[in-house]
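First up is the structure itself, then whatever we jot down about it.
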Amino acid sequence: MDSPFKPDVLKGKVALITGGGSGIGFEISSQFGKHGASIAIMGRRKQVLDAAVSDLRSLGIPAVGFEGDVRKPEDARRVVESTFNHFGKVDILVNAAAGNFLAAAEDLSTNGFRTVLDIDAVGTFNMCREALKYLKKGGPGRDASSGGGSILNISATLHYTASWYQIHVSAAKAAVDAATRNLALEWGTDYEIRVNGIAPGPIGGTPGMSKLGPDEIENKAGDYIPLYKLGEKWDIAMAALYLSCDSGKYVNGLTMVVDNGQWLSRPRHLPKEAVKELSRVVEKRSRAKPTSKL
């Protein structure tokens, strides 16, 4: 689909995107680049990074890849510094690196629980902490008149109620959302940095969907999840553009849900026609009762 944004809305900006070599992260990298930004992507797999950078450059997007693990503070520091050294500044940080798998709580090991928390929650904090120096108003490479940069954390809706076999990710994303709000308060006030998030619904063509919604589940999902419809990576990238360019200049501390309203969904207890008939019966019975003078 064509973008509703002007092609230069991120002109001159530099974006560092963790997990930017595949899935939602790569789509954000691609769309940011198509809208004028220079792109640095961070990931653990060199082969994936090299392929992603090659694809971005084939589109005429200035792009570079840095190997690193967001769980390691020294890697976070090195990649942020390398991005600054390569492009001369850092304007946008997108934390899209994540880990996930299906596991019943009783079958989940402490190490498995900790691993997801470390990637999603600790990794997000590590990257934010190391990027602060460059994103804050008056930081290296920043025009004093331009204010601070922005941070975008990719979250989820799993923890809004409860989700089967996702205790580890629910805990991790709850922490990410809390960090988003707290950093928006502190760093928005002190450094003019906007910190927001996006909570995607099920997105087709992503590594996460292949793990959490294999065909065996996806084919039946519409039977028990009202409003069920797979989103596109493009949908998340457009939300990221909105929050990262001037259209979102007055938005801070928000985690935007992009899921077609699915987190609100519950299975129908009664068919729609049965509800209408029941309503008529109940209303008729109510009117037939004597009305109290009190």
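The numbers here are math on the coordinates, done by the rules we state, and not lab data. Since this is a predicted model, take the numbers as computed values, not measurements.
A few comments on the model shown:
- In the set (i) 38, 37, 17; (ii) 38, 22, 16; (iii) 40, 22, 19, the label that goes with semi-axes √(5λ) of the Cα gyration tensor in Å computed for this structure is (iii).
- The chain: most fluctuating residue of 26, 101, 66 per GNM, C-alpha cutoff 10 Å: 101
- Distance from the range 71-101 to the range 4-40 (C-alpha centre basis), Å: 14
- GNM result for the chain, Cα springs below 10 Å: residue of 150, 247, 279 fluctuating most strongly: 279
- The range 102-140 and the range 164-190 have Cα centres separated by 10 Å.
- The amide H of residue 197, built 1.01 Å from its N in the peptide plane, has 153, 254, 255, 256 as neighbours under 5 Å, considering only residues 5 or more places off or on other chains.
- Partners of residue 229 within straight-line reach, counting aspartates and glutamates whose Cα lies under 20 Å from its Cα and excluding those fewer than 8 residues away in the same chain: 27, 215, 216, 218, 259.
- Axis of helix 215-224 versus longest Cα principal axis of the chain: the two differ by about 40°, to the nearest ten degrees.
- Candidates 263, 164, 234, ranked by Gaussian network fluctuation over the chain, Cα under 10 Å, top entry: 164
- In the chain, helical runs assigned H by DSSP with n ≥ 4 each contribute -39500 (n - 2.57); averaged across all residues and rounded to the nearest 500, the mean residue ellipticity at 222 nm is -14000 deg cm²/dmol.
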